[in-house]
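The structure appears below as structure tokens.
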Amino acid sequence: MNEKFLKDICQAYGPSGSEDEIRALIETEIKDYVDEITTDTLGNLIARKKADGPKMMLAGHMDQIGFMVSHIDEKGFLKFVNIGGFSEYSLFNQRVRFQNGTVGAIRSERVENMKADF
């Protein structure tokens, strides 16, 4: 693995259920080292290297925590729900990137008492 691949895969769009871009990056990176690559009905990338001797399996997640827009208000502000787990209080002022490349920042409506939600 090289530095460019690591940068590309970290910047790829891939929330749960939309891992196509990440899957394509991995497939391109490993295709010269395996004998067979398939994708199952759930979207898992399966690569096989034929050889004699002990068998080994490497497994990992391709998806990322993401958000899905649930409402756009009259001022153009977006409300969203999570795809995956996260602490909503760690999101203040974090940048987000939409599938179309648009970049935004997460802000919050007034919060009276953050401790009340814990």
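A few comments on the model shown:
- So Glu74, is it modelled with pLDDT of 90 or more and either under 20 Å from the mean Cα position of the chain (by Cα) or assigned to a loop (DSSP other than H, G, I, E, B) (or both): yes
- Selection from the range 23-43 of residues that are surrounded by 11 or more Cβ atoms within 10 Å (Cβ to Cβ) and either in contact with a strand residue (DSSP E or B) (Cβ under 8 Å, 6 or more places away or on another chain) or not in a helix (DSSP H, G or I) (or both): Arg23, Ile26, Glu27, Ile30, Val34, Ile37, Thr39, Gly43
- Near pairs, Cβ below 6 angstrom, 6+ apart or cross-chain, from the range 3-23 (among the aliphatic types (A, V, I, L, M)) to any residue that is assigned to a helix (DSSP H, G or I): Ile9/Leu25; Ala12/Glu21; Ala12/Ile22; Ala12/Leu25
- Selection within the range 88-118 - modelled with pLDDT under 85, among the small types (Gly, Ala, Ser) and under 26 Å from Glu21 (Cβ atoms): Ser90
- Residue satisfying condition, being over 26 Å from Lys7 (Cβ atoms), among the charged types (D, E, K, R), out of contact with any helix residue (DSSP H, G or I) (no Cβ under 8 Å at 6 or more places or on another chain) and surrounded by 11 or more Cβ atoms within 10 Å (Cβ to Cβ), within set Lys75, Lys79: Lys79
The values are calculated or read from the model by the stated rules, or taken from the named source; none is laboratory data. Since we're looking at a predicted model, the values are computed, not measured. For neighbour counting, all protein chains shown are included, and Cβ atoms are generated from backbone atoms with ideal geometry for every residue, glycine included.
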